[in-house]
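Since the structure comes first, as structure tokens, the remarks are kept for the end.
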Amino acid sequence: MVGSEMGSRTTPPNKAFTAALPYEAHPMPGRKIKAAPVGRSGFRDLLRRLREKWIETLIGAIVSLTLAGLGFFGKQLLQFSKRKAVDISSVSNEEALAVARQVVGSTTIQAIPFKDTGSAEQFILVVCAPSKNVDVPATLDSGMPLRVLEGSRHAFQVHSPELVAFDAYRQPDSPMEKYISSVSGVVDVEGNGTKQVYAVDREGGSSVYRVEIKLYDPLTGALYDANYAASYGDTMMKNVEFSANVSQHDAIKAWLLKMGNDFIFSKPRSKPGKTESYEDEIGDWRERQGFDFEEGTIEERDLPGNVPSTLTSSVCTLEDGQWEWMSYFKSAVFGYNKSRNVHFVLFVPEVSYDWIQEIHASDRYLWFAHSSDESPDGPTHWIRYDKSNHSVSKVTLSPSERQEAFAHTAACVE
């Protein structure tokens, strides 16, 4: 009986479920399910659902971008906090100076403590006077040795190769602290919390100077080097030589180049073509013609007045009608038109030690020879300037050809 009753029993519909269904979807006996009509109300409903979906997507995108931004700035903040924590945990300047004087000695001028992010090692850059006899506040006329100490508060040892910082051309009245910081210091080249020590050495003579920059990483022991030679009229570095390991580090190479450029004497003019000094005029000529120019047409630029004053003296001056040709020691050849009171740069030797020491002039040509041509019978390699078309060319003259060419010329010999 029980079994037959259970078999014939009809399971009532779930009221909670059916109440949530649309009217047409209720499974009522004897009633067919009708499809929802598609009309204005249905279209508006579709637009509403699309708009809600678009808003949800937009909000999701904004939230995702916000979280990504917070994550980026969070990482930056964490890295900054780590670096500040490293700086705080480093020994003080006073403690570093006391340690340096105990380890290096009384020649210590300055001590800079520093630590790398993620490293427990304490480093101290020590700047030393050239000798015990040097009056530290006065002008230093030789290099300052640098030492890097490594250790802890209780024990330090020298941990660096021989580094020397020096600038033979610094201003005598510049403060000592400013001078030291210009040629030595601690820098984080790659911005990753790993610090390096740098030393600049600039020396030279009356016309050519040499710059060498060394960058030392005390954590790895790597030493990076860049050096170049330049003339005082150069406005940029040429033929820079790097140590082999620089090629593996783009950021270090870029930093070495920037530092090297800071020690160029003649900076490019802010307004090309504008000349205000003797050095400007030479630099302008090199920019137009090329520093190694010896053949071709010269773009002559008339400049007002006579040649600007210079520290060097004229070694050869030749009167040639309305023109006056002047060659300067370890420098350029100028032409001055006396009737028009204008001058121009005629020629600049590639190397300043190769200045023009002999000039000959005829109605059409001007010949000049370099000081480096020391042939027993006189110079054989000449540069000839054609006044008619403003061009120069290289010519070779034997003693007999030279005698014939210069038979009716005015001459100036150093």
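The values are calculated or read from the model by the stated rules, or taken from the named source; none is laboratory data. Quick caveat: nothing in here was measured; it's all calculated off a predicted structure. Counting neighbours? That spans all protein chains shown, and the Cβs are built from the backbone with ideal geometry, glycine included.
What the table below lists for this structure:
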{"quantity": "Selection within the range 367-388 - farther than 19 Å from Glu300 by Cα, more than 40 Å from the chain's Cα centre (by Cα) and either charged (D, E, K, R) or assigned to a strand (DSSP E or B) (or both)", "calculated": "Glu374, Asp377"}
{"quantity": "Residues satisfying the stated conditions in the range 366-398, i.e. among the aromatic types (Phe, Trp, Tyr) and either in contact with a helix residue (DSSP H, G or I) (Cβ under 8 Å, 6 or more places away or on another chain) or more than 20 Å from Gln322 (Cβ to Cβ) (or both)", "calculated": "Trp367, Trp382"}
{"quantity": "Selection from the range 324-340 of residues that are hydrophobic (A, V, I, L, M, F, W, C) and not in a strand (DSSP E or B)", "calculated": "Phe329, Ala332"}
{"quantity": "Residue count, the range 341-366 (criterion: assigned to a loop (DSSP other than H, G, I, E, B), within 43 Å of the chain's Cα centre (by Cα) and on the phi < 0 side of the Ramachandran plot)", "calculated": "5"}
{"quantity": "Among (1) part of a strand (DSSP E or B); (2) touching a residue at least 40 places away in the same chain (Cβ under 8 Å); (3) surrounded by 13 or more Cβ atoms within 10 Å (Cβ to Cβ); (4) not aliphatic (A, V, I, L, M), the one test that Glu319 misses", "calculated": "(3)"}
{"quantity": "Any hit, the range 197-218, residues being in contact with an Asp or Glu (Cβ under 6 Å, 6 or more places away or on another chain), more than 25 Å from Ser313 (Cβ to Cβ) and modelled with pLDDT under 90", "calculated": "no"}
{"quantity": "Contacts under 8 angstrom Cβ, first residue in the range 389-414 being closer than 24 Å to Thr297 by Cβ, partner in a helix (DSSP H, G or I), 6 or more apart", "calculated": "Leu397/Ala405"}
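Okay, residues lined up against (1) at pLDDT below 90; (2) surrounded by 19 or more Cβ atoms within 10 Å (Cβ to Cβ):
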| position | (1), (2) |
| --- | --- |
| Ser331 | yes, yes |
| Phe334 | no, yes |
| Val345 | no, yes |
| Lys394 | no, no |
| Cys412 | yes, yes |
